[in-house]
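S.K.: If you scroll down you'll find the structure; I have some questions about it.
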Amino acid sequence: MLVKTFGSAVYGIEAITITVEVNIAAGTKYFIVGLPDVAVKESYFRIESALKNTGFRMPRQQVVVNMAPADIKKEGSSYDLTIATAVLAASGQLEPENLDKYIIMGELSLDGSLQPIKGALPIAIQARKDGFKGFILPKQNAREAAIVNDLEVYGVDNIKEVAGFFNGDLNIEPEVVNTREEFYNSLSNYDSDFSEVKGQENIKRALEIAAAGGHNVILIGPPGAGKTMLARRLPSILPPLSLYESLETTKIHSVAGKLAAADALVTIRPFRSPHHTISDVALVGGGGNPQPGEISLAHNGVLFLDELPEFKRSALEVMRQPLEERRVTISRAKFTVDYPSSFMLVASMNPCPCGYYNHPEKECICPPGMVQKYLSKISGPLLDRIDLHVEVTPVNFSELSSDRASEKSELIRERVIKAREVQVERFGNRPDLHANAQMSPQMVRDLCKIDVAGQTLLKRAMEKLGLSARAYDRILKVSRTIADLADSEDIKLEHLAEAIHFRSLDREGWAG
């Protein structure tokens, strides 16, 4: 008897429907064809044990499993349930009547229970697009798949429940998630707040500007000055995710298997902080079966690179193109996948190996030339993509012990949202542009015009501070954002002066 069931393969953040055909005929062998990888071939042993341990039988005849389309490589253990259901139907242990209405996915344990799968959300989106009535999958993944409307999602614990469902012996209630309610209820639920930070008003201001314009920022200061603490609070002042951004971010986390069973949607902006020993592939994405890297997991959020000079130079260099294009393309011989990677880069570093160069109290013990050598670990082209260079100084005792309340993240976020609304209006005819940081050099010339006094100030600053040519565009972009925060149509002298202040690493002689 020939039976067809349906599963799905995930490539990038998109899914492709896979037809699994099982034919049982005279003979004794088990064959699986259609470009299966080792994990798919091993499914025979998992399926046989799972069926025996749940009261079913594995047919002792020739079983041929074909996975179509046959030119696409099938990878992973998620097809166990798809194949097992077809085997049960082909051997007369399950009613095949409604099988063509459902996508069925899940990894089987030897006792017949189900393990979670990756990519449930893109699979559910594709299932609805292809006109399937429902999606049967492990209970742990049911909530993330259930955010797709007009698709019945059934979370099951074991293969016995699947058989009972198709045989009409068991009534399973579909998982229901109110997407909008889920989205709005947990929007902006951040654990940390800027009100917890004592002092550091200059740094808070710099992060507010970065959030308002989507600018990349680097924090330079001695150990214990609060660089990491401040960076971790940046997502709390960014504008809340839109529902579209939330779904897009959730798809990436679903593909990477990073969603907890209780989560249906990623509702707060991601904050990723990889260790400096990370490999190139783990940072950017890739592998035999390409998976999203840290820069894609930080999509629509913040990527924080603590101790930037300690990262491998090759790992930082592969980030340059995704920073510019806001997406990463991973190419293989037979296919190419694209992962979005539109994130804010926040980096931190000590000013020198000992950490105390330019410290107000402690003396730097590094030998001559060491500060410049330490800074040169970060390439010019990467530094070129960072708009704000902020020096962080330690907080003194009087500020630390002060009872004065600091401004809450909520109030800062309101100003940031207002500035972003100005930018959305400015780039209204360009849906791919959302913030000032994304402006091209030509747009900087058109939209960041400054008067004669501004030109004079900028000229003097570049000459006196020894600012490099690459600093020119960055200063104009940042001053445009500062003007937006001040609700000013024109870039004024004070906006330019503040933007110049945030270019520490471009100053000649900064590192000796």
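S.K.: Rank-order 457-467, 127-137 by packing density, defined as the average count of other C-beta atoms within 10 Å over each peptide's residues, highest first.
M.R.: Peptide ranking by packing, descending: 127-137, 457-467.
S.K.: Let me ask something additional. Could you order peptides 359-366, 220-227 by the average number of other Cβ atoms within 10 Å of their residues, highest first?
M.R.: Peptide ranking by packing, descending: 220-227, 359-366.
S.K.: What does the highest-first list of 478-484, 115-121, 439-445 look like by mean Cβ count within 10 Å?
M.R.: Ranking the peptides 478-484, 115-121, 439-445 by packing returns 478-484, 115-121, 439-445.
S.K.: What fraction of the Cα pairs in the range 370-433, stated in percent, has a spacing above 13 angstrom?
M.R.: 81
S.K.: Taking every DSSP beta bridge that has both residues in the range 1-143, what percent is antiparallel when rounded to the nearest 5? Intermediate results must be reported in sequence, preceding the final value.
M.R.: Values: 19 of 28 bridges.
Antiparallel: roughly 70 percent of the beta bridges in the range 1-143.
S.K.: Another question, then. For n ≥ 4 DSSP H runs only, could you compute -39500 (n - 2.57) per run for the chain, divide by its residues and tell me the 222 nm figure to the nearest 500?
M.R.: -10000 deg cm²/dmol
S.K.: Of all GluC sites (Glu not before Pro) in the range 266-336, which ones are in loop regions per DSSP and have a Cβ with at most 16 other Cβ atoms within 10 Å? Before the final figure, lay out the partial values.
M.R.: On the way: sites: Glu294, Glu307, Glu310, Glu317, Glu324, Glu325; in loops: Glu307.
Passing both the DSSP loop test and the Cβ count: Glu307.
S.K.: May I have the convex hull volume per residue, in Å³, for the Cα set of the range 101-233?
M.R.: It is 181 Å³ per residue.
S.K.: When the distances between all Cα atoms of the chain are binned every 20 Å from zero, what whole-number percent does each bin get?
M.R.: Result returned by the calculation: 21, 44, 25, 10, 0.
S.K.: Which values, in whole Å and largest first, are the semi-axes of the equivalent ellipsoid of the range 207-301 obtained as the square root of 5 times each eigenvalue of the Cα gyration tensor?
M.R.: Numbers: eigenvalues 118, 73, 27 Å².
Equivalent ellipsoid of the range 207-301: 24, 19, 12 Å, largest first.
S.K.: Still on this model: Just to confirm the number: angle between the C-alpha axis of helix 452-464 and the first principal axis of the chain, 0 to 90 degrees, nearest 10?
M.R.: Roughly 90 degrees, rounded to the nearest 10.
S.K.: Let me ask another. Quick one: Debye curve from the C-alpha atoms of the range 241-280, no solvent, what's log10 I(q)/I(0) at q = 0.18, 0.30 Å⁻¹?
M.R.: Log-scaled intensity ratios, in q order: -0.57, -1.04.
S.K.: Further question on the same structure: Which percent of the accessible area of the range 290-414 is formed by carbon and sulfur heavy atoms (probe 1.4 angstrom)?
M.R.: 49
S.K.: To test your reading of the geometry: what angle, between 0 and 90 degrees and rounded to tens, separates the Cα axis of helix 120-129 from the longest principal axis of the chain?
M.R.: For helix 120-129, the angle is close to 70 degrees.
S.K.: While we're looking at this one, here's another question. In terms of modelled amide H atoms, which long-range or inter-chain residues lie less than 5 Å from the amide H of Ile18?
M.R.: When sequence neighbours closer than 5 places are left aside, the close amide H contacts are Gly7, Ser8, Ala9.
S.K.: Determine by what factor the alpha-carbon radius of gyration of the range 406-512 differs from 2.2 N^0.38 Å, reporting the quotient.
M.R.: 1.14
S.K.: Provide the percentage of antiparallel DSSP beta bridges, counting only those with both residues in the chain; round to the nearest 5.
M.R.: On the way: 27 of 56 bridges.
Beta bridges within the chain, antiparallel portion: roughly 50 percent.
S.K.: Please report, largest first and rounded to whole Å, the three semi-axes of the ellipsoid equivalent to the range 279-321, where each semi-axis is the square root of five times an eigenvalue of the C-alpha gyration tensor.
M.R.: 17, 14, 8
S.K.: Work out Dmax and Rg for the range 295-358 from the C-alpha atoms and quote the Rg first, both in angstrom.
M.R.: Considering the range 295-358 through its Cα atoms, Rg and Dmax are 14.7, 53 Å.
S.K.: What is the ratio of the Cα radius of gyration of the range 145-193 to 2.2 N^0.38 Å, with N the residue count, to two decimals?
M.R.: It is 1.66.
S.K.: Over the range 83-136, with every protein chain in place, what whole percent of the accessible area is carbon and sulfur at 1.4 Å, could you tell me?
M.R.: Working: 780 of 1850 Å².
Of the solvent-accessible surface of the range 83-136, carbon and sulfur hold 42 percent.
S.K.: Mind checking the angle between helix 201-213 and the chain's longest principal axis? C-alpha axes, 0 to 90 degrees, to the nearest 10.
M.R.: Helix 201-213 and the main axis of the chain meet at about 50 degrees.
S.K.: Would you mind estimating how fast the range 396-459 diffuses translationally, via Stokes-Einstein at 25 °C and 0.890 mPa s with the Kirkwood radius over Cα pairs, in µm²/s?
M.R.: Reported coefficient: 160 µm²/s.
S.K.: Under a 1.4 Å probe, what is the accessible area of the chain per residue, stated in Å²?
M.R.: 44
S.K.: With only alpha-carbon atoms in the gyration tensor, what are the semi-axes of the equivalent ellipsoid for the range 314-430, in Å, largest first?
M.R.: Calculated on Cα positions only, the semi-axes equal 34, 28, 12 Å.
The values are calculated or read from the model by the stated rules, or taken from the named source; none is laboratory data. No experiment lies behind these values; they were computed from the predicted model shown. Quick reminder, even Gly has a Cβ in these numbers, built from the backbone with ideal geometry, and neighbours come from all protein chains shown. Heavy atoms of the whole protein, side chains included, go into the accessibility calculation; ligands, DNA and RNA do not. Shrake-Rupley method; radii C 1.70, N 1.55, O 1.52, S 1.80 Å.
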